[in-house]
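What follows is one structure encoded as structure tokens, with my remarks underneath.
The values are calculated or read from the model by the stated rules, or taken from the named source; none is laboratory data. No experiment lies behind these values; they were computed from the predicted model shown. Cβ: placed from backbone, ideal geometry, glycine included. Neighbour counts: every protein chain shown. Each accessible area value is taken on the protein alone, full model and side chains, heavy atoms only, with ligands, DNA and RNA left out. Shrake-Rupley method; radii C 1.70, N 1.55, O 1.52, S 1.80 Å.
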Amino acid sequence: MKLSIEGLNKQYANGVHALHDVNLDIGTGMFGLLGPNGAGKSSLMRTLATLQDADSGRVMLDDLDVLKDKDAVRRILGYLPQEFGVYPRTSATDLLHHLAVLKGFTASRERGEMVDYLLQKVNLYEHRKKAVSSYSGGMRQRFGIAQSLIGSPKLVIVDEPTAGLDPGERNRFYNILSEIGEQVIVILSTHIVQDVRELCVNMAIMDKGQVLYAGTTDDALLLIQDKVFEKRVEKEQLETYQQRYKVISNKLVGGKPQIHVYAEAGPGDGFVPAEETLEDVFFAKLHQLI
Amino acid sequence: MWVFFTYEIRYWLSRPMVWIFLGIITLLVMGAVSSDQIQIGGGVGSVYKNAPSVIQTYYGVMSLLCLLMTTAFMNASANRDFSTGMYQFVFTSPIRKRDYYFGKFFGAALVAMIPLLGVSLGALIGPLMPWAQPERYGPIIWQGHWQGLLSFGIPNTLIAGVLLYALAMLFRNNIVSFVGAMLILVLYVVSQGFTEDLEKEWLANILDPFGFYARGILTKYKTIDELNAAATPLSGPFLLNRLAWLGISLLVLLGVYTRFSFSLRNEKSTRKAAGQRADDAAGDRSDDRSDDRAEQALGQSSAKLAAVRSFAAPAQQHFSWSTLWHLIVFECKAILRNQVFVVLLLIGIINLVASLTSFTGEYGLAKFPVTYDVVDTIRGAFYLFLIGIITFYSGVLVWKERDVNIHDIQDATPVNSGLYFSAKLLAMLFAVFLVLATAMLVGIVAQMAFGYTTFKIGVYAQSLLLLDMLEFSYLVVIALLMHYLINNRYIGYFAFVVFVVLNSFIWSALEINSNMLPFGAVPFAIYSDMNGLGPFIPGLVGFHSYWFLFSLLLCLVIYSFFIRGRETGMKHRLRTASLRLRSRSALFAVLLLLFLGCAGFVFYNTEVLNEYTSSKEDQRRQKEYELQYKQYEGLAQPRWVSLNYDIALYPYSRDMTFKTDAVLVNKSGEAIPALHFTLAALGDSVQIDIPGSELTLDDKRLTYRIYTLAEPMQPGDSLRITVRASAKTRGFENEVSFTQLTQNGTFFNNFDIMPGLGYNSNNEISDKNRRAKLGLPRKRRMPVLNPADSLTRGNTYLASDADWVEVHTLISTAADQIAVAPGSLLREWEEGGRRYFEYQLDKGSMNFYSFISARYEVARETWNGVDLEVYYIAEHAYNVPNMLNSMRKSLEYYTANFGPYYHKQCRIIEFPRYADFAQAFPGTMPYSEGIGFIADLRKVNEGEIDMVFYIVAHEMAHQYWAHQVIGANMQGSEMLSESFAQYASLMVMEKEYGKDRMKRFLRYEMDSYLEGRGSEFEAERPLAMTESQGYIHYNKASVVLYYFKEMIGEASVNAALRQLVDTFAYQQPPYPTSMDAMAAFRSVTPDSLQYLIDDLFLNITLFSNRVVDADVKAVEGGYEVSFSTYSEKFRSDSLGKSSDLPLNDYLDIGVFAKPGKNEELGKPLVLKRVKVDKAENSFVFTVSEKPELVGIDPYNYLVDRIPDDNTEKLSGL
């Protein structure tokens, strides 16, 4: 299965150019879409989830025209939006049943089996009778994943699912995701670089509506191999360094700034080589250093 | 406190809301003051449009309408800190609770009063408008303005404000405040419902938080003059009511203050959330632990979870019934389980129950709660709530997913948009249906509570669950259309409300009467037990099909514009809409064709087969008729002397034909060259055959014809003419125009079918304001009373083209019906599947009679050779024996006291409730099914008035007074008919029920008279000069004639009346006038009482009698009662200005024992008639039994402004 996105463009009424000639090829497995806030990730997610139209471009899922044949897409789609609410005073079981009916599961016995299975899978079975509106953040996201897996979808779109979750909850979430079968395209958007590194083989980096990089995570790292150097400096010196070198990122370690710079060769001056991380690639691309 | 107070004021004054409200009120009041199109709190009659009492009324009404505005202010002020989250800052600063609480309240309250000033602004601007008529305004009297503010504006805002503020502070919920405001309004309306029955006046006064009723007690009897001069000051029950409710409000305000706390709501929520989170955290932790353990136990856990099961969705059909059903149930629950819905429904039911418990008609008499009346009550009391529910919940359903933010998930599911829409539509319809069914249940329970079990479920189902349900369905479609076209919740609500409001009045403003244009309009229909919905059914079916198909088309449009996904721009939505429509093009085409076909059919029926005119066009025709043909008024014309009818009725197809052979005689004394006719309303192609004549004028539009005779008719000549016409019902009409011809219960009179001779001044416009607007000259209501004017005395006030006529009728109808025409039944037979009847009037009578046909049961007895008959339908048998009894007792009394009865029958005939009166024709009294036949007389023995008995006696009396003695066409003639009929029926009633019962009846009559004085549009007249003034010749007459009888004795009054009968019964013109009655009265009245005739009949005389104080003490042998009274006498002019008169009258004074269970006064221990010639009087009596009441004019014989203070209860024993 392959999802090919060709020349996708979208501009909102207020002038924001959300998608700018986006081209991507996505195969089965976990695909990470990385980008800062406002990059266009959610716009892309919503377009793929048939909630939005594009101004121009084409999206094909094998032979299926995603932009035109919305109904067919919805039948094989699992979608977890970035923010979602739930009906008050409705239990997880009831809500899953409701959504399952909407996805076409009208036979109540089979539906019941599936709902139970899903709840167990996301570890919400003990809380299934409680109102979803009373769940904590982590439990809610788990519910979200459960509903997106109804009916064994072939295309699963998960939009920034771990924002606001503590590390333990995040892990649990990704464990569930990673068990989604092999023959499924899972597109995961996030601004947490580490998640992409852990979960995905293929990825893309987006900013301001444009794709800055598309390829495997390994290849991304190759871009900056042996070209990243770090140094701890004083706060007052920061500006000088920023003028003199290509500073990729600047983090506080023990209260003092530690900068990563990009250089073809070692700049000396107290810089030591740093192990290349995906984060560096990310920032480098963002600041158009590479 | 000052800080919060000023903050609130500054906050609101800087925002548009206050000024917008002020503007709206100013505009409304200006509109009401400057024109008659807008009415606030009822019309004003002849009172100046800017009179102080009127302004005060406006303040009152506006303070009530502004309840919702006040809610907005109070709610926003109370909640602002919470809804914005600012409370965290405000409540942790060093402020004092009472400063915050009271400062905000008074600030908001003061601001809420500002829009009310729009009343004054509007009242001041109104008269300046170019379209205002200057003669309807008086000088600016400031007392009206500040009295309005003081008595209504300020107190009502404070009272309502306290309640709303309390609600807002306690619940901090917009919905609760909104519902609370509605509850206040409903409770208010409920208390108003009690006012119809006088008995509970004091209760209604207490229950009225807004002071309307209290003020109403004081203004009830004010005259036009008094209303123009001043507003009602704060005194008596009015002041009491205001103070009491302000006091209650203050207590409530303080009470809520004690419960008010800065940490109130907060604590609860944190406690709850903390507890919940603790649970969840515990749950999560246990999850973590179990997960970790699972991860540790590698093989096992992964084996468990690795059984990834695949569930494939079943083959997707494009449409699934079970999905639709599931969605409908889901959406329904969203409405029905909503707390606000339940509360709204409850409030509506409370209102409905309150209306159902006061099933009283006139004179406080109860009617059986027949199903159609209950249906009408449900419609009146409940439907506004239902519209509110539809308005509100359409928005709720449309925005449901977006409100909880689940719309992204839902929109990405593979359910057809059409399915989503259909589910919402059907859910709303189902909710409406459920509400209607609930109302029906409430109605049935109410009927049971009254002990009435003829439920007629079919009528309920037909009216509520079918017809009304259809109407509401159309509204639901419009509501959803607004919400889906306009993708903005508030504008959507607003647009819907505007649509509904505009749709209800714009069409008449544009003079469009067709029911095809106003959305959802169907012909008016009224249910009758006799006839079901008979004549209305074809029209209803036609129009409902039309609107139903139109609504289906609208549904298709809504589906096209259904909102799904994130694209909300109009361009995109239009594109999607056209795509969706195209995909459904077959369905659209079919629906469109069906609709156009239906529209064509309806148009053909209502505009081509039949025609109608707008009311404005009718008025235009009336005006032109007057302008063109009034020149012929008084022209010499012959008179009808005998009429021979041949009428064929086809009730089941609502057709009829007739042929009348009539003889005309020239009694005018001059030659008549041409016959003029004003045609009747009914009848296609009226043919008048007059030998030797030529039709020289045929004005089809104004229905006037002139036939010129080849040989003029000489004085004394007679002429035979034939009138032929038919009425056929073709298809259905825009509105059923002639309900008198119907399947079961045909009832029309000769004026409906026969033309009249000459010009008919009754066709002119009578409303004086409308005449002024159309530029017509002023018109007298009746010609001036002048016994010397023998020309005018040549006509009765009923008609000018006949005196006493002979009538013979041959009438045929369907085989299962009985047809009734005036006179005795000579012959009855069946022929050709139809039934034939031949009738003949026993004695020449007034040319005013009716023809009736229905499937009747007949109850018959004979009295002295006269057949007493009642024609009724089987369901309405319960009051028939009473009617027969009344006929018998009336005949006994009248033949003994007034003279012989010349007809051989007395008939009471039931007719459908398309009209609601009883009438007297010679020998026949048609009686509407809606009165009398369904009167609930089970409590008559407990002191209630037997309305059936009374009305029958009254109509029987008309056989003498109007059908033997009939007045000339002058002021005062109605006294000869109506007033004497009233008197006669009172005598029959007194004989049957006793004197005590009369007091109650007379009190209602007195009330009606006094109220009528206050709403007199032109000028009040003394009884002997009454001109179409019902409150005088019915109500005042009862009181006056009864008193007169008390003073000179029943025998004397009857002797005078007998004189009139002997002299004038069946006499040819000149017809008698009220002065002839005065002469008769004078001849039987002793000298000392001659003044009564001037006081009672020739002038407008009022008294004010009251007991000032009363005392009783026990003495040897019994009790000594002493009391003092104060009496005044006034004469009033036609506009209500009164001047004092010296007292020189005989008044009754009395001492009474304790009244029995249903008595008003109790046994009279002392009852004397004393001559009173000074204002203050005192009396002392010794009685042997324990006295309870004293009184001056205790039976309320004299017209008294405040009848209740004539008697007083004794205390001190």
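Using only Cα atoms, find the angle between the long axis of helix B:154-171 and the longest principal axis of chain B, and express it within 0 to 90 degrees, rounded to the nearest 10. Around 30 degrees separate the two axes.
Quarter the surface of the alpha carbon convex hull of the stretch B:831-900 and you get the mean projected area, 6.7 square nanometres. Computed from the Cβ-Cβ distance with R0 of 25 Å, the FRET efficiency linking B:S1083 to B:S1028 stands at 0.30.
Projected onto its three principal axes, the C-alpha set of the stretch B:772-910 covers 53, 42, 31 Å, listed from the longest axis down.
At q = 0.18, 0.19, 0.25, 0.31 Å⁻¹, what base-10 log of I(q)/I(0) does the Debye formula yield for the stretch B:510-565 when every alpha carbon is treated as an equal point scatterer in vacuo? Summing over Cα pairs of the stretch B:510-565 leads to -0.73, -0.77, -0.98, -1.15. Cα axis of helix B:417-449 to longest principal axis of chain B: angle in degrees, 0 to 90, nearest 10? For helix B:417-449, the angle is close to 50 degrees. Once the Cα atoms are used to define both axes, helix B:321-336 deviates from the longest principal axis of chain B by about 70 degrees. Evaluated with a Cβ-only charge set (Lys, Arg +1; Asp, Glu -1), chain B carries a dipole of roughly 4840 debye about its Cα centre, given to the nearest 20. Overall shape of the stretch B:473-625 was characterised from the C-alpha gyration tensor. The equivalent ellipsoid obtained from it has semi-axes of 35, 20, 15 Å, in decreasing order.
Dividing the convex hull volume of the alpha-carbon atoms in the stretch B:682-828 by its residue count gives 212 Å³ per residue.
Working from label points 7 Å from Cα in the Cα-to-Cβ sense, the B:V329 to B:L517 distance is 4.8 nm.
Comparing the full protein assembly with the isolated chain, the residues of the stretch A:132-164 losing at least 40 square angstrom of accessible surface (1.4 Å probe) are A:S134, A:S152.
Size estimate for the stretch B:575-648 follows the Kirkwood approach: the inverse of mean 1/r over distinct Cα pairs works out to 18.7 Å. Between B:A671 and B:Y7, the contour length at 0.36 nm per residue exceeds the Cα-Cα span by 230.1 nm. Taking GluC sites (Glu not before Pro) as exposed when DSSP calls them loop and at most 11 other C-beta atoms lie within 10 angstrom, chain A has its longest site-free stretch at A:84-181. Roughly what percent of Cα-Cα pairs across the stretch B:67-190 reach past 22 Å? Counting pairs separated by more than 22 Å, the tail of P(r) holds 49 percent.
Between B:F499 and A:L252, the simple spin-label model (points 7 angstrom out along Cα→Cβ) gives 5.8 nm. The contact between chain A and chain B removes approximately 4200 Å² from the accessible area (both sides summed; 1.4 Å probe; ligands, DNA and RNA excluded). Of all segments of chain B bounded by GluC sites (Glu not before Pro) found in a DSSP loop with no more than 14 other C-beta atoms within 10 Å, the longest spans B:1-510. Among the protein heavy atoms, those of B:S693 account for about 40 Å² of accessible surface (1.4 Å probe, every chain in place). Cross-link reach is defined here as a Cα-Cα straight distance under 15 Å, omitting same-chain residues fewer than 8 places apart; for B:K667 the aspartates and glutamates meeting it are B:D717, B:D801, B:D803.
Comparing the stretch A:142-284 with the 2.2 N^0.38 Å rule of thumb, its C-alpha radius of gyration ratio is 1.27 (two decimals). When the alpha-carbon atoms of the stretch B:1041-1186 are used, the pair Rg, Dmax equals 19.8, 68 angstrom.
Remark: the stretch B:12-171 carries a charge dipole of roughly 420 debye about the Cα centre, counting +1 on each Lys and Arg Cβ and -1 on each Asp and Glu Cβ. Cα-based values for the stretch A:187-242, radius of gyration first and Dmax second, are 15.0, 42 Å.
Hey, with R₀ at 22 Å, roughly what FRET efficiency would B:D376 and B:T613 work out to, going by the Cβ-Cβ distance, to 0.05? Approximately 0.20, to the nearest 0.05.
Only helical runs count toward this figure. For chain B, summing -39,500 (n - 2.57) over DSSP H runs of n ≥ 4 and dividing by all residues gives -15000 deg cm²/dmol at 222 nm.
Taking square-rooted eigenvalues a ≥ b ≥ c of the alpha carbon gyration tensor, is the stretch A:61-185 rounded, prolate or oblate, where a/c under 1.5 means rounded and, failing that, a/b exceeding b/c means prolate? It comes out oblate by the Cα gyration axes.
Can you tell me which lysines have their Cα less than 29 Å from the Cα of B:K367? Leave out same-chain residues fewer than eight positions away. Excluding near neighbours in sequence, the set is B:K200, B:K220, B:K456, B:K889, B:K939, B:K991, B:K995, B:K999, B:K1036, B:K1157.
Taken residue by residue and averaged, Cβ atoms of other chains lying within 10 Å of the Cβ of A:97-108 number 6. Non-local lysine pairs in the stretch A:93-240, meaning eight or more places apart or on different chains, with alpha-carbon distances under 27 Å, amount to 9. The alpha carbon radius of gyration of the stretch B:1101-1177, expressed as a multiple of 2.2 N^0.38 Å, is 1.38. Our Cα-only numbers for the stretch B:422-480 put the radius of gyration and Dmax at 13.5, 43 Å.
Rounded to the nearest 20 debye, the dipole size of the stretch B:944-1073 about its Cα centre is 300 debye, using +1 on the Cβ of Lys and Arg and -1 on the Cβ of Asp and Glu.
With R₀ set to 35 Å, the beta-carbon distance separating A:Q210 from A:V272 gives a calculated FRET efficiency near 0.55. Selection among B:L1210, B:A446, B:Q339 by position relative to the dipole of the protein assembly as shown gives B:Q339 as farthest towards the positive end (Cβ unit charges, Cα centre).
Taking every Cα-Cα distance in the stretch B:949-1060 and sorting them into 10 Å bins from zero, the calculated P(r) comes out as 15, 48, 33, 5 percent. Each listed q (0.05, 0.07 Å⁻¹) maps to a log10 I(q)/I(0) for the protein assembly as shown from the Debye sum over equal C-alpha point scatterers, namely -0.59, -0.98.
With the charge dipole of the protein assembly as shown set up from +1 on Lys and Arg Cβ and -1 on Asp and Glu Cβ about the Cα centre, the Cα lying farthest toward the positive end among the listed residues B:G247, B:M754, B:W829 is that of B:G247.
Across the stretch B:602-645, the volume of the C-alpha convex hull divided among the residues equals 139 Å³ per residue. On full extension, the segment bounded by A:S91 and A:Y125 gains 11.1 nm, given 0.36 nm per residue less the C-alpha separation. Taking the Cα centre of chain B as the origin and placing charges on Cβ (Lys, Arg +1; Asp, Glu -1), which of B:T1073, B:A112, B:S726 is farthest toward the positive end of the dipole? Positive-most Cα among the choices belongs to B:A112. For chain B, the Kirkwood hydrodynamic radius from C-alpha pairs, put into Stokes-Einstein at 4 °C and a viscosity of 1.567 mPa s, yields a diffusion coefficient of 37 µm² per second.
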